[in-house]
Amino acid sequence: MAVPTAEAAHVGVPIEPDAWTSYGYDNQLTNSIATRALTPRSAPRLTPVWSIQLDGAVYASPLAAKVDGRQLVFAGTEAGNVYAVDSGTGRIVWQRTLGMVQTVECGKWGITSTGAIDLERGLLFEISADGLLHALALATGEEAPGYPISLVTNNRYEYVWGGLRIANERLYVVVASYCDAGPPGGPMPEGRMVAVPLDSPAAPASWDPVPGDGNLGGMWGWGGVSVDPADGRIFTGVGNSWVWSQECACYIDNAGYGDSIVALTPDISTVLDSNNPHEVPATDDSDFGAAPLLFQPTACPPLAAMNNKDGALYVWDRTRLSAGPLVRIPLGDGIGAFVGAPSWSESKQMVYVGQSVIRQDGVTLGNGVTAWHIDPGCGFRPIWSANFGTGNQATPLVVGNVLFATGGKTGGFFAVNASDGSPLWSYPTDGRTVAAMISVGGAVYGADTGGVLYAFEPTRGPSSCFWRCLPAFRLRP
């Protein structure tokens, strides 16, 4: 089954997707779909269809697929379990326990990485905290022959944060550390990218962004990698290195490809282009905790965009990375880690940046979304901003003319008009909302750190936005 792209859906009649196979919807991480069911008129009528308590916090994006005629939603938890839930009833269809790892310095971990669905093979790929790559049957959760495969053996110090991604007949996995900590007196964790051939998974390829052992260079953005639709090039953002420099008598962050955007061949054997922006300091842990959004506005060359922990959004011509960023937009405060990547609406020619610091009259209100139109000459023009909470927030979800956002530390789900940011709907949660939301079949799904998975659909008939939108009005600048 082919997953319709946002671009294809915008050309003709909107398509309601019935599959969400990886973080960001497509391999360019646009996090954007077309729709007929969810509009500024119907969004205020969104109502919980069901919610289900899972066994642990959810940070990974839910996924979805239609399996044997039934729509299933998949979720992984920090307790190390994977669930398949019937989207119509909210009942658990199957559950698999993949386990947790207790680290020495960084706590206990389960599943943070968003899995990847292979519709052709009928498999859900997940990686557990012990570094085992699992291939689970979508219908039953049973392990496929030949799996699991061990990809991370130093699993008390190395961990997969980034989402898994299928492209070029490979599964791409990025490896980082739990918290930049190695064993006492020992080497630091080793970052790397792994490409697993789907037809011969026992022979994966590997790429080390900072040559040598034990020197970090992890890739830990929520999206893992992104893929150029034209030629299959692989893009990622690399975190800081840990390499001693005699010149400054200090450990530097930008050795090798540390703190860089990198483009590689599909087999990850060769770096095609890269850039370490001069604005990013060589120390102080200002790295790219992101995989870049790939998009092409009408007025621009093909672009790549992602956030840096220094608080800025960086945008490159992705055909000329080494020329440096075209645009740098300060949107964070440089204190809270500004991670992730924006979403993109081709129909509106707008970029939406989550976790932006929202200010009014010089006063910081919190974190939310800033919306930018890409003008002729490739200029980024601010259109609107809205405050939804505080702390780490998910990449905004664009569903036609409606934008969905999460509140982060303060919890909650929100919907606003994607054109002007006017509030449409909100729903409170007890847990933090960090996991990205998804939309399939005219419904919206989200999860929180309290371990609750939610499903929302619009009810029929007219509705006033006043009562449903009151929290959103209160939070907007």
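What do you reckon, is Val152 modelled with pLDDT of 95 or more, outside any strand (DSSP E or B) and aliphatic (A, V, I, L, M)? Yes; evaluated as a whole, the condition is true for this residue. Applying the criterion of at least 3 residues that are within 22 Å of the chain's Cα centre (by Cα) to the strands (runs of 3 or more DSSP E) found wholly in segment 188-278 leaves 192-197, 234-237, 261-264. Of Ala337, Ala312, all but one fail to be under 19 Å from the mean Cα position of the chain (by Cα) and open to solvent by less than 10 Å² (accessible area, probe 1.4 Å); the exception is Ala312.
Can you say whether Ala65 is modelled with pLDDT of 95 or more and of a type in the set (A, V, I, L, M, F, W, C), as far as the supplied structure shows? Yes, satisfied. How many of the residues in segment 408-420 are under 14 Å from Gln393 (Cα atoms), in a loop (DSSP other than H, G, I, E, B) and in contact (Cβ under 8 Å) with a residue 40 or more places away in the chain? Going through segment 408-420 one residue at a time, the tally reaches 2. For segment 35-52, the set of residues classified as aliphatic (A, V, I, L, M) and modelled with pLDDT of 95 or more consists of Leu38, Ala43, Leu46, Val49, Ile52, listed by residue number. Every condition in (1) over 30 Å from Tyr251 (Cβ atoms); (2) of a type in the set (Phe, Trp, Tyr); (3) open to solvent by 10 Å² or more (accessible area, probe 1.4 Å) is met by Trp161 except one, and the failing one is (1). Out of the residues in segment 28-46 that are open to solvent by less than 40 Å² (accessible area, probe 1.4 Å) and among the polar types (S, T, N, Q), which is farthest from the chain's Cα centre (by Cα)? Selected residue: Ser42.
For segment 379-393, the tally of residues that are assigned to a loop (DSSP other than H, G, I, E, B) and either among the basic types (Lys, Arg) or closer than 14 Å to Trp344 by Cα (or both) stands at 0. In segment 40-128, counting only strands (runs of 3 or more DSSP E) that sit wholly within it, the ones holding 3 or more residues that are out of contact with any Lys or Arg (no Cβ under 9 Å at 6 or more places or on another chain) span 46-53, 63-67, 70-76, 92-97, 123-127.
The residues listed here are Ala176, Ala263, Ala203, Ala167; of these, the one that is at pLDDT 95 or above and either open to solvent by 20 Å² or more (accessible area, probe 1.4 Å) or in contact with a Leu (Cβ under 6 Å, 6 or more places away or on another chain) (or both) is Ala263.
To keep it simple, each residue is scored yes or no on (1) assigned to a loop (DSSP other than H, G, I, E, B); (2) at pLDDT 95 or above; (3) touching a strand residue (DSSP E or B) at 6+ places or on another chain (Cβ under 9 Å); (4) on the phi > 0 side of the Ramachandran plot.
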{"residue": "Ala290", "(1), (2), (3), (4)": "yes, no, yes, no"}
{"residue": "Gly334", "(1), (2), (3), (4)": "yes, no, yes, yes"}
{"residue": "Val339", "(1), (2), (3), (4)": "yes, no, yes, no"}
{"residue": "Tyr352", "(1), (2), (3), (4)": "no, yes, yes, no"}
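Of all residues in segment 135-144, none satisfies being at pLDDT 95 or above, within 21 Å of the chain's Cα centre (by Cα) and of a type in the set (Val, Ile, Thr). Considering only segment 56-88, state which residues are over 18 Å from Asn31 (Cα atoms), under 19 Å from the mean Cα position of the chain (by Cα) and open to solvent by 10 Å² or more (accessible area, probe 1.4 Å). Result: Ala57, Glu78. Scanning segment 210-247 for residues that are among the small types (Gly, Ala, Ser) and surrounded by 24 or more Cβ atoms within 10 Å (Cβ to Cβ) yields a count of 9. Pairs linking a residue in segment 317-331 that is in a loop (DSSP other than H, G, I, E, B) to a residue that is β-branched (Val, Ile, Thr), with Cβ atoms under 8 Å and 6 or more positions apart or on different chains, are Pro325/Val315; Leu326/Val315; Leu331/Val353; Leu331/Val357; Leu331/Thr370.
The values are calculated or read from the model by the stated rules, or taken from the named source; none is laboratory data. All figures in this text were calculated on a predicted structure; none of them were measured in a lab. Every residue, glycine among them, receives a Cβ derived from its backbone with ideal geometry; neighbour counts consider all protein chains shown. To get the accessible areas, we keep the full protein, side chains included, count just its heavy atoms, and leave off ligands, DNA and RNA. Shrake-Rupley method; radii C 1.70, N 1.55, O 1.52, S 1.80 Å.
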